[in-house]
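Undergrad: Let me begin by handing over the structure; questions about it come next.
The values are calculated or read from the model by the stated rules, or taken from the named source; none is laboratory data. Nothing here was measured: the structure is a model prediction, and the numbers come from that model. Using ideal geometry, Cβ is built from the backbone for each residue, glycine included, and neighbour counts are taken over all protein chains shown.
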Amino acid sequence: MALLTILHHPDPRLRQKAEPVRVFDDALQTLIDDMFETMYDAPGVGLAANQVGVAKRLAVMDCSGDKAAPEPMVIINPEIFDTSDLEVMEEGCLSVPGIADKVKRFNHLKMRALDRNGNSFEIEAEGLLAQAIQHEIDHLDGKLYIDYLSSLKRERIRKKLEKEARDAARGQPAVAAR
Ligand code: NI
């Protein structure tokens, strides 16, 4: 397994619409395992493939929170087909580090997706899991939760992250420049 680099806003690859997964081969299984390791290491409750530079409709999640046992979930080519109870929820994203804000999400939804072996499943989700599913599917469509904020807030966030990226780059030896 390997830790993958999580792309940060405003990397243009986060804005690419991901393509459906059609091949369930060993490379996909390795990608899924690496995404889980990267998500747990971050730590985060969800990670979409395009956050690690792979434009495929795939995300990993674990919304177990403080519960004792982990609840890893893989969603591939996911589709939401029923929603209710729009609510304001606090949200953050591994690609927008150090920032959280309030957005409107459905507190209940039904989703169908494929699992890591390509088998179809349906779930009814609520609360944090429902929120995470909407957040990850947004990623797969090239959207970030900050798109729902005011343009003033978005601009402030972009400038902050660009400055952090510049500062981080200056901290690296010149030979490491990519
Ligand atoms: Ni995110």
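Undergrad: Given the structure, is ALA125 more than 16 Å from the chain's Cα centre (by Cα), modelled with pLDDT under 95 and more than 12 Å from the ligand (Cβ to nearest atom)? Break it down stepwise before answering.
TA: Working: more than 16 Å from the chain's Cα centre (by Cα): yes; modelled with pLDDT under 95: no; more than 12 Å from the ligand (Cβ to nearest atom): yes.
No, not satisfied.
Undergrad: Would you pick out the residues in the stretch 138-154 that are without any contact (Cβ under 8 Å) to a residue 60 or more places away in the chain, more than 10 Å from the ligand (Cβ to nearest atom), assigned to a helix (DSSP H, G or I) and buried (at least 16 other Cβ atoms within 10 Å of the Cβ)?
TA: Hits for the stretch 138-154 are TYR148, ARG154.
Undergrad: Kindly check whether there is at least one residue in the stretch 95-112 that is touching a residue at least 60 places away in the same chain (Cβ under 8 Å) and touching a Gly at 6+ places or on another chain (Cβ under 8 Å).
TA: yes
Undergrad: Given (1) farther than 20 Å from GLU164 by Cβ; (2) surrounded by 11 or more Cβ atoms within 10 Å (Cβ to Cβ), identify the lone condition not met by GLY53.
TA: That leaves (1) as the condition not met.
Yes/no matrix, rows are residues, columns are (1) farther than 18 Å from TYR145 by Cβ; (2) surrounded by 14 or more Cβ atoms within 10 Å (Cβ to Cβ):
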| site | (1), (2) |
| --- | --- |
| PHE24 | yes, yes |
| ALA27 | yes, no |
| LEU47 | no, yes |
| ASN77 | yes, yes |
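Undergrad: If you don't mind, there's one more thing I want to ask. Can you tell which of PHE81, PHE106 is over 30 Å from GLN29 (Cβ atoms) and among the aromatic types (Phe, Trp, Tyr)?
TA: Working: PHE81 fails: over 30 Å from GLN29 (Cβ atoms).
One residue alone meets the criteria, PHE106.
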